[in-house]
Every structure is written in C-alpha cells, then in structure tokens.
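The values are calculated or read from the model by the stated rules, or taken from the named source; none is laboratory data. Since we're looking at a predicted model, the values are computed, not measured. In this analysis, Cβ positions are derived from the backbone assuming ideal geometry, glycine residues included, and neighbour counts consider all displayed protein chains.
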Amino acid sequence: MGDLRAFDEIWGQGGPDNPREPLAMLADWIAETPREELARRLEAAENTFRQLGITFAVYGDRDAAERIIPFDIVPRVFLADEWARLSEGLIQRVEAINAFLDDIYGDRRILADGVLPPDIVFRNPQFRHEVAGIRPPHGIWAHICGIDLVRTGPDDFFVLEDNARTPSGVSYMLENREAMIRLCPELFRNFRVAAVDSYPDRLHETMRSVAPPGAGSRPVCVVLTPGHFNSAYYEHSFLADSMGIELVEPADLVVDDDIVWMQTIAGRVKVDVIYRRIDDDFLDPVVFRPDSLLGVPGIMSAYRAGNVTLINAPGNGIADDKAIYSYMPEIVRYYSGGEAKLPNVETYRCREPQALKYVLDRLPELVVKLVDGSGGYGMLVGPTASSEEIERFRAALIAEPHRYIAQPTLALSTVPTLTEKGLAPRHVDFRPFVLTGRDGVQVVPGGLTRVALKEGSLVVNSSQGGGTKDSFVLLPEARQMQKMGGMFQQQELGS
Amino acid sequence: MLMLSRTAASLYWLGRYVERADFIARLVEATVRLDALSATPAGEAAWESALRVTYTDEAFAASGARADQTNVARFLTIDTGHPGSIVQCLDMARNNARAVRTALTREAWTAINRAWLLFNSRMRPGNAMATLNLVEAVKAETRGFEGAILRMMRNEAVWFIRLGSAVERADNTARLIDVKYHLLLPEGAPVGGIVDRDQWTTILQTVSAVTAYRWLYSEGLEPRLVIDLLLTRPELPRSLAACVEETVEMLGLLGKRTGLQGGADRMARARLARMHKTRTPEVIVGGLHEWLSAFIAENLALDRAIAQQFRFI
Amino acid sequence: MRLIVEHRTRYRFSEPQTRLIQCLRMTPDDTDDQTVIGWSIDVDCDARLRESRDGLGNRQAMLYADGPIDGIEISVRGEVLTGDHGGVVRGTHEPLPPVFYLRETERTVAGAALSGFMVEALAGGADAAAIDAVTRAIHGRFKLASHVEELRDAAATFAAEAATGRELAQMLVAGLRAAEIPARYVSGYRQREGRACAPHGWVEAFAGAEGWIAVDPSAGGRIDERYVRVAIGLDTASVTPVAGSRLGPGEEMLDVALIVEQARGQ
C-alpha cells in the first residue's frame, strides 16, 4: 500500500522536517513536546472519558461491552480557506439531499426528468412507502447530516458516504475539544481555533424551528433513545443534557388520538419535536417491524397527522443508500443547478455488467462494499486482502452483483499520531455535522476525525480498532497571529 | 418541565441502591472489627446475623458455604451471584444512574461510576485488612455521592434520590435492630443485664452512631438507650425517626413542585404523627420485634404508594 | 349490485391490557367499480378513532383505547354499490407508480419452483391475456382449502397441494413479480350465495397498456361485481385488517364473524 505517497496534513509530503508552511508551528509543537508528556496527557484524557462513561459497545464482543474509543492527542487541522471551500460543498450537498427527499416522497420530478432509473428508488427497501405523501414542516427531512469525507491532497476532498439517518459521533467532537482545551491549553493560545461548543444550542434552535404548526411558541423537544443499553447512549444523554431537554425512552411516550405525550410525575405532557435515535425499522411496531420492542406504537400516525416532527425524518435512508450514492453528482447538479463542489469517490455499480467486469478484473486494487452494509463489515480492501478473501468476494460478486459497489483504493491523507513507536502518520477520515432548520443550512466548524491506529490500515471504524482526534478549524486570522510570533517566541521568552 | 416518571423511578432506586451498598459496607466493616479485632471473637453467629440483616441468609445457605468471615465477607461484597452484595447494589445503582444521566451532575455520576469501578479489577477481598480497605473505599465513594447530591440544584432529582435513601435507610435500620437485638438478648434475658460492649458497639458503628450516643446519653452503653437512639432520636440521620421525617419532607417538596398530593403523602404523614408519640419503653414492653415488623411492613407499603403516586410503572 | 357487509372482529385478552393501539384497514374507497354508500366502524369500549390515508393510498383508521381492557369488539357495517368492468381497475388512488409493486417482501420470495412455473404459464407474455392464463393455471393446479393454521409464504404455498384463497393470491403476486410484472395483494370481501364468508384476498397485476387488472386465483378469473375492494399491499402482512399493539401481559383470542350479502327488495 502506498504509504509513501499519502499526503500528510501536517507534515505534507516532505516528512517531519519539512512541514506544510501554514502548519509549521504545530509541527514544532509536535516535535518539541516530549513524548512522555504527550503520552501522559493522552492517558489523562482517556481516564476522563472512562470516568464520564463515554463508552461504546462492540457488536459480538461481550467482554468489551463498555470500551472507550481510543483518543489521539495530536489534533487534525483545517486552514480557514480550506474550511470555507469545504463548507460550501457541504451546504450544497445537504441542500440537495433535502431537496431530493422532499421530491422523491412527493412529486418525484427527478424521476419524471429521467435523472435516475426509477427502479433504483422504488425497488430499494430504503424507499419507505409508509412515509410517501407526508411533508414534514418546511420540507426538511435531513435536519442533521454527517457527511463522511476523505482527503488525498491539499485541495482534494471526496465524499465517501452521506449519513442522513441518525449520524452519531457529535459527542466526540465536543468531548475531544473539552479534553484538548484542558490538556493542551498552549495550542489554543497560539491558534485561533473556531469554537464547537455552540453545537447543542444550534441543534436545539434547529429542532424548535421545525416544530409542527400547532406547537405554540415554546415547543416541547425531546431526545428519544432506545435505552441506556444502546451503544450510543452516552451521546444521547449528552445531547439531551447539553440542550437542557428531556431524554426519553419509548416507554415514556404514549400516543393517543394521534398526539404524542410523555408520562411525567404529574401526568401527561404533549411532545412536539422528537430527535429520535431509533432506526426507522424499530420506530413504530404498528407500521414498521411488528416485533419491535423499542418502538412507540402510533408515533407514525401522529407524524402523518402533522402533530409531531421527527428528526431525522423516517425514510431518509433512500438519500444515503450506497446505491443512490453513485448518483449523487447527478442529484446535486439537478437540484442546485451547478456541478457538485465536493466530488464523490469514483464508484462502480456492479449491477451494471460492464462495471462488474471491470471490478472483477481489478479486485486486488479496489475496495468493494455491500450496498446495504455498514460499520466496515462486508467490505473488501483489495490491496491488503489475502488471496482467499479476494476469491470469496469474487464468488459473492458473481452471485449477487447488484448488492455491491466498488471504488478505487484512495491514498487517504494521514495525520501524525502518537503510537507505541513514537509519532507516525496514520490514515484519517472526517465527519462534519451539518444542521438544516427553517432558516437554512449551517456547518459546525469542526467534526469527528477518525484515525486508523494500525499502521497502513485504512479502516477507521471504531468497531474495528479506529480512534478519534480533535479537529481544529482555524479562524481566518490564524496566519497573522503566527507571523506576529507564536509559541516559539513565547517559549524563548519564557526560558 | 415536569420530570419523566421513569426518570423519577430511576432516581428513587438510585438513592435506594447507593444507601443499601453503603449500609452493607458498614455492616461488613463492623462485623469484621467485631470478629477479627475485638478481644472475644464473635464467630459465625455474628456473620450469620449479618446475612439475616441483609435478607441474604437463604441465598447464602443455598451456596452451601460455611458462614465464616472469608465466605460471608466475600458473599456480601463481591459476589455477583445474588442481588444482596455491594457489587450488585452498585451495579443496579449505576444502571439507574446511567438511565438518568441527564438528571445528574457529572460529579454525582462519576462518584457512582468510580464506586462501581472499584469492583472491576477485584476478584477476592482476601483477608480482613483487604476487606476493610475495600469497604472503606466504598464508603468514601458513597460519601462522595452524598456530597455531590448536596451540591446539586435543589430540584426534584435530588428529592427523589433522597426519598429513595430515606425509605431504604428506614428499612435497613429497622432490620438491623430487629436481628441484632434478638441475637444479643435471647428471649427471657433481662433488658439492661450484662451486655457485651463490643457487640453493641457494632450496632452503633453500623449506623455511624458511636459519637452521637456519647453526645446524647451520659449513661454507659445500655441496650434500651441504643434502641431509643435508633428509634426515636431525629438528631441521628440513620434513626427511624429521622428517616420518617425526611420521607415526609421530600414528599412535601415534590408535592409543591407537581401541585399534587396522593396516597404516599397521607401515609407518610400519618407515620410521622405516630412516630412523634412513640416512647421506647412502651415499645420494648409491647414487643420490639412486633413493632419493628409492623414498621418494616408499613415502609414497604409506603414504597408501593410512592411508585403508584408518581406513576413509576 | 348492492352489497351489505357486516364484519365483526372480537379480541379477548387473558389479562386486562393497559392500553391498545390498532391500525384498522377496514374502510373501502370509491373506485369506478364501487361506490361506498355508507360505512361505519363501531367499537364496544371507550376509544378514539382517527382516520387517514397511508402511503399506498389506503384509507385507515387508528384506534386508541385506554385500559383496563378485557376485550374489544370492532364492528364494521356498510353498504357498497358495485359494478362489473371486467376486472379492469380504474378510479383508484395511486400515489405510487407500478414499478414500486415489483418489490420483494419476506412473504413474497418466489423461489425457483414458482419462478419456473410462471415462465411456463406466462409463455413469454406480460399482458392481460398472459396474466389471465397464469391465473387459470394456478386455479387448476391447487385444491382450495378453507382454513390454515398459519398463513404460509409464497414458496411454501407453491409446494403444497391445497391452499386458501389468500395464500394463492399472495403466491400469484410473488410469481408475477418474479416475472417482472408489477403485482399487489388486495384484501376485501366477496359475496357468495349460501356460503360461509371469510375475509378474501385477490391480486391486481399491471398489464402494461391495459393498466391494472384484478384477478382472483381461487376463482380462476377476473373479479366481478361481487367483490368489495378494501386495501392493497405488498403481501398479506401489509394489509391485515387489524394491525395492533397492546400494552399488557397475557394471551389474546381472536374471533371473526363476517356476513356479505346482496341487499334485498329494491
């Protein structure tokens, strides 16, 4: 795997001694802070996370039922102009996702205009006929989007995946930042880093702005969690807590007469907006899976009647499905009228015979993914796979080509990371969070950087040994500050 | 915003389980001291009574082990096979706390989590010293939790936790007196006869009342006075009188918040009125065991009434 | 034809339920073939009913009842004026295009045997004539059962010798989809002189230029004026007349009584 070719976001292509010019100061910090000191701070951060209970459950791993996601002390940095370009692309993409959802469950102009083959929508289980004909307040479906990005060069960002259902990870963005401010205050003195701590307020404002028309001036908003045994429970409670709203479980909600109520110590209270962290399938046993014990019976009926807003809207899977993903450039062009500012990773749809042939010929070079898989499972990374694995995928592809897509292996960018052998480049990806409310789309200046801690590995999923980093977005004045004298001078003065 | 019924239930049970864990820790500590450190080892009888106080005698008997210090201390601290051990109480407390993370401060949550983590790496309590160290650590964390609760906003979250603690503490103290009194004063033995100082000190230690006793009574250690202290003196936080008072106080605060009164309020106030008229000598003459049994039954009924009033289920 | 429908559904619970929420798909809609003259749903306990239309265009009613509930009886009574247009379906509410009805569900996985049978019976056709032919072929191949303990899926039905009308309809839906012909399951009522009544099911298939046509495999041909169309779905599961959720322990017992008859004396 071409690790040498990978672009390092701090060190550039030139290695530790020749960092990218705008980030020279950070490279110095990395070089000059003793390893033991970095390790000590890292340990302090992880202890805090453990004490706070910021844990996640790994499927099929009972002993590690409560593990923290490894954290890395070296931040990942976006320059102000890089971020400005990224934001534009993200806003354009999320606007298109919302327009697409509103269209596909409504008039379906995009199909009438022949942009997509209709069967890819209608035969897709992610198209939920249960919500067809419903129009959520202000036509907004994907209130919270997490767009997974990868980078291959200074100006080369690609969208790897859209998450328009219930994207998680925002609590890491906020907790990682808290830890960095506490443990590395000198970085914040010397870099003007955009704050992320307004996220809960922005989210709450977004929720209020999409309340149903009958909700009154102070709509009751809640976060709905499947329960405290859910792997992302910490995040659910963290968000409810920092927004100052109730965290409810299905048993707390009752639907009566198409209205959602929550059960309190003094009787029922009407609920207007629900940020639900329960998948569509389990949301309402009357409409979706009848065997769901996690759901709220009747909630879809209240939703259809327009008495409650669900965030994100049920049915959004049709916008972030891997089969739809390959059409995203066309979808963005159709709704925005311009080219997508953030390109897709080139994608071969194995359902198309020509593409399948191409993929089968080049399996060792490609990444193959299940259309309906997630979390890094059901995935082949050609360059690092054994020949048995490759042959297993070859057979699977021939048997059910429509279930797979393939992409070239990208030389994902790296960021210096503290490893057992000292600082070394490790591959990263990035999930920024985009909020859409009545008054428009906004990108929070930060996000979740996931890092593949294993040398050479491209798999960043936390369930497969990935970790996280803080993601700094520099404010435009950052360069000036540096010219005026950063940490370097301060250190000299102090010593 | 009014509190969710489920949240209220979790907070109430959080209060109960932390209190129970703390009580078992004190009981084990006092029994270890009695058994291992006093001049006359109390032996298996002391450990058997510890099991009865915590309602775990049947579960322990089922294990077939001998009721010696090593076995019972292990059973009451780290055994995960029955619900009456400290580790299980802390696990339940933590589960309830996790379910209501948003209603707790970080400080309160971390105290619970740290107490729970104490048991994560520990497989055996080992000898008496190790057991004492463990229960000392548990006490430190539960004290930390109580402190955190005191520093929380004065709202219904705190009131439900304290309501749970008060109901639990009432049961624990009543049970402690009932079991120990009969063990120490077998039928027919005169009240006020020769007492085993160490044994009675154990009771006081379990409810942190050694100093309080000295403050309130100038006489030496006398069973009737220990009973009086534990039953009727509201100055002692673990006395039945104090628990009964606190229950009424917490329900009153909650009632103001919700604007509603219910069966639990009426039951708790009636109990307080009776407690004010209770005189220890009359209780002893009338039969302490019968009186305590009735108290424990009424406490259980109150627990049910609370669950119903706040729609826990 | 003027048809009177009386459909009583009675649930009894072994232990009282705290709450009951049910979705009733029991209300027919007007089409070119049927005009609903009167229709009512009555419930024998204190309950709230809320009407709406689902994503497929069906009329539905949500029923909310508070406990304690030992049992509930839902009585549907109505009159429908029907006509016969040779099974051609017109005037229906169609929010989704035919291609949607190619979607496979858990109960409509055709399997190799059924798919092979379809290829043969359709003989390359996808028009109304081919659909009629395959409906006749299925009618001829199976004995009609009046009752099964548990409704079987399409593949299991094909492997059996006898099947109920609803099983045959679901199987035909699966077979048509396997042959890339959009098809959907219809639940409703059929009037038959002197015969016991049960909720019935048949098939609507999309025959290209001819549009949707309705065929009943248990009768071997197109539907006529004796049919009352109530709801459409992807399979039998998605058109259950009563889909529900109850809060409470114990077992439930279900009891259905149905009368469909021609109005007399006019």
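Every residue in the range A:278-318 that is crowded, with 21+ Cβ neighbours inside 10 Å, within 19 Å of the chain's Cα centre (by Cα) and part of a loop (DSSP other than H, G, I, E, B), please.
Residues satisfying the conditions are A:Ile278, A:Asn312, A:Ala313, A:Pro314, A:Gly315, A:Asn316.
In the list A:Met262, A:Met243, which residue meets the criterion of being outside the structural domain of A:Ile144 (by the TED database), of a type in the set (A, V, I, L, M, F, W, C) and over 26 Å from the mean Cα position of the chain (by Cα)? Reasoning before the result, please.
On the way: A:Met243 fails: over 26 Å from the mean Cα position of the chain (by Cα).
So the residue among A:Met262, A:Met243 that is outside the structural domain of A:Ile144 (by the TED database), of a type in the set (A, V, I, L, M, F, W, C) and over 26 Å from the mean Cα position of the chain (by Cα) is A:Met262.
In the set A:Asp155, A:Asp148, A:Asp119, which member is more than 30 Å from A:Val287 (Cβ to Cβ) and among the acidic types (Asp, Glu)?
Working: A:Asp148 fails: more than 30 Å from A:Val287 (Cβ to Cβ); A:Asp119 fails: more than 30 Å from A:Val287 (Cβ to Cβ).
The match here is A:Asp155.
Scan C:Arg2, C:Arg25 and give me the residue that is surrounded by fewer than 16 Cβ atoms within 10 Å (Cβ to Cβ), among the basic types (Lys, Arg) and either touching a Cys at 6+ places or on another chain (Cβ under 8 Å) or more than 9 Å from chain A (Cβ to nearest Cβ) (or both).
On the way: C:Arg25 fails: surrounded by fewer than 16 Cβ atoms within 10 Å (Cβ to Cβ).
Among C:Arg2, C:Arg25, only C:Arg2 is surrounded by fewer than 16 Cβ atoms within 10 Å (Cβ to Cβ), among the basic types (Lys, Arg) and either touching a Cys at 6+ places or on another chain (Cβ under 8 Å) or more than 9 Å from chain A (Cβ to nearest Cβ) (or both).
Could you grab me the full set of residues in the range B:89-108 that are surrounded by fewer than 23 Cβ atoms within 10 Å (Cβ to Cβ), out of contact with any Ser or Thr (no Cβ under 6 Å at 6 or more places or on another chain) and not charged (D, E, K, R)?
Residues satisfying the conditions are B:Met92, B:Asn95, B:Thr105.
Which residues, counting only those in the range A:99-136, are more than 9 Å from chain C (Cβ to nearest Cβ) and either crowded, with 17+ Cβ neighbours inside 10 Å or on the phi > 0 side of the Ramachandran plot (or both)?
A:Ala99, A:Phe100, A:Leu101, A:Asp102, A:Asp103, A:Ile104, A:Ile110, A:Gly114, A:Leu116, A:Ile120, A:Gln126, A:Pro136 - these are the residues of the range A:99-136 that are more than 9 Å from chain C (Cβ to nearest Cβ) and either crowded, with 17+ Cβ neighbours inside 10 Å or on the phi > 0 side of the Ramachandran plot (or both).
Residues of the range C:223-266 being charged (D, E, K, R) and in a strand (DSSP E or B), which ones? Walk me through it before giving the result.
Step one: list which residues in the range C:223-266 are charged (D, E, K, R), which gives C:224-226, C:229, C:235, C:246, C:251-252, C:255, C:261, C:264.
Across the range C:223-266, the qualifying residues are C:Arg229, C:Arg246, C:Glu252, C:Asp255, C:Glu261.
Go through (1) within 30 Å of C:Asp216 (Cβ to Cβ); (2) more than 19 Å from the chain's Cα centre (by Cα); (3) away from chain A (no Cβ under 12 Å) for C:Val80 and report which single condition fails.
(2)
For A:His143, which of the numbered conditions (1) in contact with a strand residue (DSSP E or B) (Cβ under 8 Å, 6 or more places away or on another chain); (2) within 14 Å of chain C (Cβ to nearest Cβ) fails to hold?
Only one criterion in (1) in contact with a strand residue (DSSP E or B) (Cβ under 8 Å, 6 or more places away or on another chain); (2) within 14 Å of chain C (Cβ to nearest Cβ) is unmet by A:His143, namely (2).
Restrict the check to the range C:85-93 and report whether at least one residue is within 14 Å of chain A (Cβ to nearest Cβ) and of a type outside the set (D, E, K, R).
Applying the first criterion (within 14 Å of chain A (Cβ to nearest Cβ)) to the range C:85-93 yields C:93.
Now restrict to residues that are of a type outside the set (D, E, K, R): C:93.
Looking for residues that are within 14 Å of chain A (Cβ to nearest Cβ) and of a type outside the set (D, E, K, R), one finds at least one in the range C:85-93, hence yes.
Just checking, does the range A:378-388 include any residue being more than 18 Å from A:Gly456 (Cβ to Cβ) and modelled with pLDDT under 90?
Looking through the range A:378-388, at least one residue is more than 18 Å from A:Gly456 (Cβ to Cβ) and modelled with pLDDT under 90.
With A:Tyr358, A:Tyr325, A:Tyr348 as the choices, which residue is hydroxyl-bearing (Ser, Thr, Tyr) and touching a helix residue (DSSP H, G or I) at 6+ places or on another chain (Cβ under 6 Å)? It would help to see each step written out before you state the result.
Numbers: A:Tyr358 fails: touching a helix residue (DSSP H, G or I) at 6+ places or on another chain (Cβ under 6 Å); A:Tyr325 fails: touching a helix residue (DSSP H, G or I) at 6+ places or on another chain (Cβ under 6 Å).
Exactly one residue qualifies, and that residue is A:Tyr348.
For A:Gly446, which of the numbered conditions (1) surrounded by fewer than 22 Cβ atoms within 10 Å (Cβ to Cβ); (2) modelled with pLDDT of 90 or more fails to hold?
Condition (1) is where A:Gly446 drops out.
Could you pull out every one of the helices (runs of 4 or more DSSP H) wholly within the range C:118-222 that has 1 or more residues that are farther than 24 Å from C:Leu102 by Cβ?
C:128-141
Filter the range A:19-36 for residues that are over 19 Å from A:Arg189 (Cα atoms) and touching a strand residue (DSSP E or B) at 6+ places or on another chain (Cβ under 7 Å); which is surrounded by the fewest Cβ atoms within 10 Å (Cβ to Cβ)?
So the residue we want is A:Arg35.
Taking the options C:Ala65, C:Ala47, C:Ala61, C:Ala113, name whichever one is over 22 Å from A:Phe122 (Cβ atoms), in contact (Cβ under 8 Å) with a residue 24 or more places away in the chain and away from every other protein chain (no Cβ under 14 Å).
Numbers: C:Ala65 fails: away from every other protein chain (no Cβ under 14 Å); C:Ala47 fails: away from every other protein chain (no Cβ under 14 Å); C:Ala61 fails: away from every other protein chain (no Cβ under 14 Å).
Exactly one residue qualifies, and that residue is C:Ala113.
When the range A:220-262 is examined, which residues are found to be within 11 Å of chain B (Cβ to nearest Cβ), in contact with a helix residue (DSSP H, G or I) (Cβ under 6 Å, 6 or more places away or on another chain) and either part of a loop (DSSP other than H, G, I, E, B) or free of Cβ contacts under 8 Å to residues at least 12 places away in the same chain (or both)?
A:Thr225, A:His228, A:Asp241, A:Asp252
Looking at B:Ala264, B:Ala212, can you tell me which residue is under 19 Å from B:Leu27 (Cβ atoms) and either among the hydrophobic types (A, V, I, L, M, F, W, C) or in a helix (DSSP H, G or I) (or both)?
Details: B:Ala264 fails: under 19 Å from B:Leu27 (Cβ atoms).
Result: B:Ala212 is the single residue among B:Ala264, B:Ala212 that is under 19 Å from B:Leu27 (Cβ atoms) and either among the hydrophobic types (A, V, I, L, M, F, W, C) or in a helix (DSSP H, G or I) (or both).
For the range C:136-146, enumerate the residues that are touching a residue at least 24 places away in the same chain (Cβ under 8 Å) and closer than 19 Å to C:Cys197 by Cα.
Within the range C:136-146, C:Leu144, C:Ser146 meet the criteria.
Which condition from (1) at pLDDT below 95; (2) farther than 25 Å from C:Arg226 by Cβ; (3) under 17 Å from the mean Cα position of the chain (by Cα) is the one that C:Ala174 breaks?
(1)
I want to confirm something. Restricting to the range C:159-212 and keeping residues that are touching a strand residue (DSSP E or B) at 6+ places or on another chain (Cβ under 8 Å), of a type in the set (A, V, I, L, M, F, W, C) and without any contact (Cβ under 8 Å) to a residue 24 or more places away in the chain, which single residue is surrounded by the most Cβ atoms within 10 Å (Cβ to Cβ)?
C:Ala163
Taking A:Leu116 as the residue in question, decide whether it is outside any loop (DSSP other than H, G, I, E, B), among the aliphatic types (A, V, I, L, M) and assigned by the TED database to the domain that holds A:Pro75.
no
Can you tell me which condition A:Arg333 does not meet? The list is (1) without any contact (Cβ under 8 Å) to a residue 40 or more places away in the chain; (2) within 13 Å of chain C (Cβ to nearest Cβ); (3) in a helix (DSSP H, G or I); (4) farther than 23 Å from A:Leu247 by Cα, and all the others hold.
Condition not satisfied by A:Arg333: (2).
So which residues in the range A:79-113 are among the basic types (Lys, Arg) and part of a helix (DSSP H, G or I), if there are any at all? Spell out the reasoning first.
Applying the first criterion (among the basic types (Lys, Arg)) to the range A:79-113 yields A:85, A:93, A:108-109.
If the condition is that a residue be among the basic types (Lys, Arg) and part of a helix (DSSP H, G or I), then A:Arg85, A:Arg93, A:Arg109 are the ones that fit.
Name, by its number, the condition in (1) of a type in the set (A, V, I, L, M, F, W, C); (2) in contact (Cβ under 8 Å) with a residue 60 or more places away in the chain; (3) out of contact with any strand residue (DSSP E or B) (no Cβ under 9 Å at 6 or more places or on another chain) that does not hold for C:Ala121.
(2)
Filter the range C:224-266 down to residues that are more than 24 Å from A:Gly298 (Cβ to Cβ) and among the small types (Gly, Ala, Ser) and give me whichever is farthest from the other protein chains (Cβ to nearest Cβ).
Initially, the range C:224-266 is screened for residues more than 24 Å from A:Gly298 (Cβ to Cβ), giving C:224-229, C:255, C:257-266.
Subset that is among the small types (Gly, Ala, Ser): C:257, C:263, C:265.
Numbers: C:Ala257: 24, C:Ala263: 34, C:Gly265: 41 Å.
My answer is C:Gly265.
Is it the case that the range A:388-409 has a residue that's touching a Ser or Thr at 6+ places or on another chain (Cβ under 7 Å) and under 26 Å from A:Leu86 (Cα atoms)?
Yes, the range A:388-409 contains at least one residue that is touching a Ser or Thr at 6+ places or on another chain (Cβ under 7 Å) and under 26 Å from A:Leu86 (Cα atoms).
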